[in-house]
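Read the figures in this text as sums done on the coordinates, not as results from a lab. Worth saying up front: this structure is predicted, and the values here are computed from it rather than measured. When we count neighbours, we look across all protein chains shown, and the Cβ atoms used for this are built from the backbone with ideal geometry, even at glycine.
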């Protein structure tokens, strides 16, 4: 579904990504791990169109996307969440999900300004889909709360609901367990598996919680100083000496 070929990204004299390549199969859960500063979030930003790669190619369902902007990439079926929760705190829970749906609309400036029938119809559809997604993720009863009033665990679930509103085929989670306690992380693990099974989603996640990574991942890519250090199954990565020395440490084997 996704093919990343020889991606390079530099910022001034700093090379954040250096010849990074990997593939993601349909309905696979792939984790990207590595030390802080390894280039994981930069990789997500390049895939999602926030940054333009200096060199290399990215293909999504065989379509070249590394020259597209984030809106066009989202319309093709790639959505994401962020390392730091990026919600509109002054807007309601429902409105935050509705925002994610607008990339699927076709109404233009005049239709919205004069509230033409097609625009009104789209607005109803946006609200209906958003309410259904809140029901799906268990936040429907909080739909009229301000997003800022939710605890961090619920905010992360809300961000996922907003990403789902774009009807993605592939969704990227950037440190989804950050700030969560053990119980919330376990619930998140079950929820991500449920998304794959029920929504038929392909998932890439950046995550430091190795318990979560080893539990849900089919395949893991390890970055270190912008380079791909290793790739393999959780078992292969757990026993890879290069990965142990650079990132995991011996305690991960105990």
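Some observations on this one:
- Mean Cβ count within 10 Å, highest first, over the residues of peptides 226-232, 165-171: 165-171, 226-232
- Annotation for residue 152 and residue 25: the two label points, set 7 Å from Cα along the Cα-Cβ direction, are 3.5 nm apart.
- Long-range Cα-Cα pairs in the stretch 51-101 (distance over 13 Å), rounded percent: 68 percent
- Over the stretch 89-167, Cα pairs under 8 Å with separation of 6+ residues give a relative contact order of 54 percent.
- With N counted as the residues of the stretch 146-186, its alpha-carbon radius of gyration over 2.2 N^0.38 Å works out to 1.23.
- Using the Cβ-Cβ distance between residue 227 and residue 120 with R0 = 45 Å, the FRET efficiency computed as 1/(1 + (r/R0)^6) comes to roughly 0.30.
- Whole-number percent relative contact order across the chain, with pairs defined as alpha carbons under 8 Å at least 6 apart: 27 percent
- Over the stretch 13-82, equivalent-ellipsoid semi-axes from the Cα gyration tensor in Å: 19, 15, 12
- Shape call, the stretch 35-146: gyration tensor on alpha carbons, a/c limit 1.5: oblate
- Remark on the chain: hydrodynamic radius 19.1 angstrom, per the Kirkwood mean of 1/r across alpha carbon pairs.
- Estimated 222 nm signal from helices in the chain, with DSSP H stretches of n ≥ 4 weighted -39500 (n - 2.57), rounded to 500: -11000 deg cm²/dmol
- Computed from the Cβ-Cβ distance with R0 of 41 Å, the FRET efficiency linking residue 88 to residue 215 stands at 0.85.
- Put simply, the stretch 135-211 fits an ellipsoid with semi-axes of 19, 17, 11 Å; these come from the alpha carbon gyration tensor as the roots of five times its eigenvalues, largest first.
- Over the C-alpha trace of the stretch 89-167, radius of gyration and Dmax come out as 13.0, 39 angstrom.
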